């Protein structure tokens, strides 16, 4: 599936597997959304297998 990124809204977008996210340290090259964001909550729920 192809991602079409609106560069005015997002700086980067990519597809990740659950394992990739669970094993990726957050650093300058990889960051999840802010901890108080809805998108972060959705990602964390998905990583825990809740959705």
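One table, with the values for the structure above:
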{"item": "Pick from segment 15-36, criterion at pLDDT 85 or above, surrounded by fewer than 11 Cβ atoms within 10 Å (Cβ to Cβ) and assigned to a loop (DSSP other than H, G, I, E, B), ranking: nearest to the chain's Cα centre (by Cα)", "result": "15"}
{"item": "Residue check for residue 39: surrounded by 10 or more Cβ atoms within 10 Å (Cβ to Cβ), free of Cβ contacts under 8 Å to residues at least 60 places away in the same chain and either assigned to a loop (DSSP other than H, G, I, E, B) or touching a strand residue (DSSP E or B) at 6+ places or on another chain (Cβ under 8 Å) (or both)", "result": "no"}
{"item": "Close pairs from segment 1-14: first exposed (fewer than 10 other Cβ atoms within 10 Å of the Cβ), partner not in a loop (DSSP other than H, G, I, E, B), Cβ under 7 Å, at least 6 apart", "result": "none"}
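The values are calculated or read from the model by the stated rules, or taken from the named source; none is laboratory data. Predicted model, so just to flag it, every value in this text is computed and none were measured. Cβ coordinates were reconstructed from backbone atoms using ideal geometry, including for glycine residues, and neighbour counts include every protein chain displayed.
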